[in-house]
1. Simple spin-label model, 7 Å along Cα-to-Cβ: B:Ala57 to A:Asn58 in nm?
2. Checking an interface number: how much accessible area is buried between A and B, summed over both chains, with a 1.4 Å probe, in Å² rounded to 100?
3. From the residues B:Gln133, B:Leu101, B:Thr144, which one has its Cα farthest along the dipole of the stretch B:97-146 in the positive direction, the dipole being from +1 and -1 charges on Cβ of Lys/Arg and Asp/Glu about the Cα centre?
4. Can you pick out the pairs among A:Lys41/B:Lys63; A:Lys84/B:Lys63; A:Lys41/A:Lys75; A:Lys75/B:Lys63 whose Cα atoms lie more than 29 Å from each other?
5. Using r as the Cβ-Cβ distance of B:Val121 and B:Ser30, and R0 as 25 Å, what FRET efficiency do you calculate, to the nearest 0.05?
6. Shielding of A:67-74 by partners, i.e. mean partner chain Cβ atoms within 10 Å per residue?
7. Quick one: ranking A:Ile105, A:Ile56 by accessible area, 1.4 Å probe, largest first, what do you get?
8. If I stretch the segment between A:Ala48 and A:Phe69 completely, what's the gain in nm (0.36 nm per residue apart, minus their alpha carbon distance), one decimal?
Amino acid sequence: MIPATSTGSRCAPVRVRVSLLAALLCLGAAGCAFDVSRLQKTPTRFEAEQAGAEWILNEDVTIWLGTGFPTKLRKNTHWSMVGKVPEGDVFRTHDQLVTAEASNIYEAWPVMQADLLVGFYLPVEHAFAAARPPVQLARSQGGGT
Amino acid sequence: MRKRRHLLKSLCSLALVTVLLGCATGKTFSELSGGLTPPPPGQGRIFIYRTIVLGFAVQPSVKLNGDVVGTAVPQGFFYVDRPAGVYQISTETEVTRTLSLTLEPEQVRYVRLGIGMGFFVGHVYPELVDDAQGQADVATCHYTGT
């Protein structure tokens, strides 16, 4: 004869396992539903500049910011320098929309160090989001927006 | 068997009516556009719209810098005129989704309200779209503003 306590002790781990599994499933599902992707950004200081450098992008470019969402820059878009942040020179275009996307979406302006796109300036958040990895851009002089 | 078929028909009809009731019914953009005045000097305009009927029961308020400016009604649009500056547009279901954007004087921006999967309910999220896409989308929507 098996004592009642013994039966209870044999069943308990199963119940515990089922409960744990249910809890994990709930947490997983909740994780899927809520903030699944966050954009890593650091506060920065923007200084506006008028009549800066201008260039044209020679090829389509995809930039990753570690959020799982790409930011794409289109070939033949015209870019003008609008200011500086400590991380580099900031450019804008009127030829396409540029956003950095995670669970939330941010308008984003490319930040360049020479021909290297190192990240984006977020004008609403006054923050910098680094490209992972930085991307070399093929560009030609001229243009204007 | 006949009863079942009748019940199925009734349920389908009910579902269709519910979906239609959940959609915007105001004037279309083309009916309204003649009466649309440009934004006041120094201000820009933000069109906010939702084309997707999927998840029609989920119609959260749309906030602009924390103030409610409209509702995410399927196939509906509204617009706000605001001084040039920086803005955050947000919707709240079981989570809050935010879009950050800049607005210049006389600039017109288009914000589409998409819908994504959620745990209990769908998530309505604002996204910036380019002018050509925004104009085409808004043309199919009904005005829900006041």
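The values are calculated or read from the model by the stated rules, or taken from the named source; none is laboratory data. None of the values given here were measured: they were computed from a predicted structure. Cβ placement follows ideal geometry from the backbone for every residue including glycine, while neighbour counts extend to all protein chains displayed. Heavy atoms of the whole protein, side chains included, go into the accessibility calculation; ligands, DNA and RNA do not. Shrake-Rupley method; radii C 1.70, N 1.55, O 1.52, S 1.80 Å.
1. 5.6 nm
2. Values: alone 9000 and 8700 Å², together 16110 Å².
Counting both chains, the buried surface is close to 1600 Å².
3. B:Thr144
4. On the way: A:Lys41/B:Lys63 23 Å; A:Lys84/B:Lys63 31 Å; A:Lys41/A:Lys75 26 Å; A:Lys75/B:Lys63 35 Å.
From the list (A:Lys41/B:Lys63; A:Lys84/B:Lys63; A:Lys41/A:Lys75; A:Lys75/B:Lys63), the Cα-Cα distance tops 29 Å for A:Lys84/B:Lys63; A:Lys75/B:Lys63.
5. Working: r = 32 Å, r/R0 = 1.30.
The pair B:Val121/B:Ser30 has a calculated efficiency of 0.15.
6. On the way: counts 0, 0, 0, 0, 0, 0, 0, 0.
Taking the mean over all residues of the peptide, I get 0.
7. On the way: A:Ile105 10, A:Ile56 40 Å².
Listed by decreasing accessible area, they come as A:Ile56, A:Ile105.
8. On the way: separation 21, 0.36 × 21 = 7.56 nm, distance 2.82 nm.
Going from the current span to full extension adds 4.7 nm.
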